[in-house]
């Protein structure tokens, strides 16, 4: 699958929220943009890679979905295989 210029940024977002659920406000402040060519947040949500959910106290959090975690895992395996082949 060819990568688009924005794909590495989407993966960065997914990895960031996969480490720990992040408050929605923090995610939007860091990743939302008004640039029509830089749609990292929208692409991650539309692709089912991240989702919003309620945490303690009813606060809204962003988490990596199972699909997002699977994508990260497959990318890591591919990178490890490529590194091993290059030795």
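The values are calculated or read from the model by the stated rules, or taken from the named source; none is laboratory data. Remember, predicted model here, so these are calculated numbers, not experimental data. Using ideal geometry, Cβ is built from the backbone for each residue, glycine included, and neighbour counts are taken over all protein chains shown.
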(message) Given the options 64, 84, name the one that is exposed (fewer than 15 other Cβ atoms within 10 Å of the Cβ) and either over 9 Å from the mean Cα position of the chain (by Cα) or modelled with pLDDT of 90 or more (or both).
(response) 84
(message) Take residue 10 and tell me if it is surrounded by 10 or more Cβ atoms within 10 Å (Cβ to Cβ), in contact with a helix residue (DSSP H, G or I) (Cβ under 6 Å, 6 or more places away or on another chain) and at pLDDT below 95.
(response) yes
(message) I'd like to verify a number: residues in segment 46-61 that are within 12 Å of the chain's Cα centre (by Cα) and surrounded by fewer than 12 Cβ atoms within 10 Å (Cβ to Cβ), how many?
(response) 1
